[in-house]
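What follows is calculated from the coordinates using simple rules that are stated; it is not laboratory data. Just so we're clear, the structure is a prediction, and the values are computed from it rather than from any experiment. Glycine also receives a Cβ, built like all others from the backbone with ideal geometry; neighbour counts cover every protein chain displayed.
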Amino acid sequence: MLNADRDLHLREKIAALKQERKALILAHNYQLGEVQDIADFGGDSLELSQIAAKTDAEVIVFCGVRFMAETAAILCPDKMVLLPDVNAGCPLADMITAQSLREKKQELPRAYVVCYVNSPASVKAESDVCCTSANALKVVEKLSSNDDILFVPDQYLGHYASSRSGKKLILWPGFCPTHVRISPEDILRQKEQYPKAKVLVHPECKPEVISLADEVLSTGGMCRLAAKIEAEEIIVATEVGIIHRLSKENPDKHFIPASLEAICPYMKLITLEHILHSLEEMKYHIRVPEEIRLKAKSAVEKMLEFG
Ligand code: CIZ
């Protein structure tokens, strides 16, 4: 079968099974283009979890990485959340464990723990409040300066929130291996070729890259800004998967990836075949133990209260 025929066949089978299972397909902005195209909704992890929490669907096929599917399971205990590839993990989330965080909290008994959503559910359960790349600054700004604030696990997002808010944060030494691959030289090279281009940078990038940004935004923020920004050329410093959505939604603009090396291999694991298999076999069901879910939910809800 030719590739185009094979994809059409897969898409038809997925659509039929999706209806039968009363399922909703969600795709993160870093997923493969073919996966983003078949999804009912695309977005960042928080946007997708909020959609999951509101839908009538009984099954959520979460095309992203494990911590994202876990966040949906935390917010929607009555729905079956499926991750189409069980190996879709997140190296940043794996840079912290609940045990290592408990040990750190013993060293810092007065610490208030802010936890980036890119973390396991068990770590969220040990934290006071969660944040995303979209609201990390807002969450940190609202905290009392009298407490020690421990920010986990992404040191660069923490550094960004600390430098913009003026709050001193104790940073966990984690990082996203994909975002740290983007260098200031990458941005400067692209700027030389596209001098009029605006530069959008994700806050998981290193400070020296962030310092070259016109705007620092989550992927959801980049999508919203791209629709209204005047510039015709836009340099995008984050995982390259987002270029698919930006270009599709804004065909009159030219989006330039800051670095073609910014590819997250885990975000590229899910394919149309995996989605079909997931719906056929109802795999892989992401479950969060109830005791952990309730504690993690309280940290996620605290973030939502912060706005
Ligand atoms: O929270 C997310 O979705 C991540 C990891 C990045 C972003 O900005 O979309």
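The figures follow:
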item	result
Neighbour net charge for residue 54 - beta-carbon separation under 14 angstrom, K R +1, D E -1	-4
Segment 59-67 - phi-based ³J(HN,Hα) in whole Hz, Karplus 6.51/-1.76/1.60, Gly and Pro as x	10, 10, 8, 9, 8, x, 10, 3, 4
Sum of side-chain charges, residue 177 neighbourhood, beta-carbon under 15 Å (Lys, Arg +1; Asp, Glu -1)	-2
Protection proxy ranking of 264-271, 27-34, 124-131, 93-100 - average other beta-carbon atoms within 10 Å, highest first	124-131, 27-34, 264-271, 93-100
Residues 202, 9, sorted so that the one with the fewest Cβ neighbours within 10 Å comes first	9, 202
Residues whose placed amide H lies under 5 Å from that of residue 174, excluding near-sequence neighbours	155
Proximal charge balance of residue 196 [Cβ under 13 Å; K/R count +1, D/E count -1]	-2
Protection-proxy order for peptides 192-199, 42-49, each taking the mean of Cβ atoms within 10 Å per residue, highest first	42-49, 192-199
Long-range amide H partners of residue 149 with built H, under 5 Å	112, 170
Mean Cβ count within 10 Å, highest first, over the residues of peptides 295-305, 81-91	81-91, 295-305
Likely footprinting exposure, 70, 12, fewest C-beta neighbours within 10 Å first	12, 70
Part-to-part distance (alpha-carbon centres) for segment 268-307 and segment 56-135, which is given in Å	9
Check: the chain dipole with +1 on Lys, Arg Cβ and -1 on Asp, Glu Cβ, in debye	580
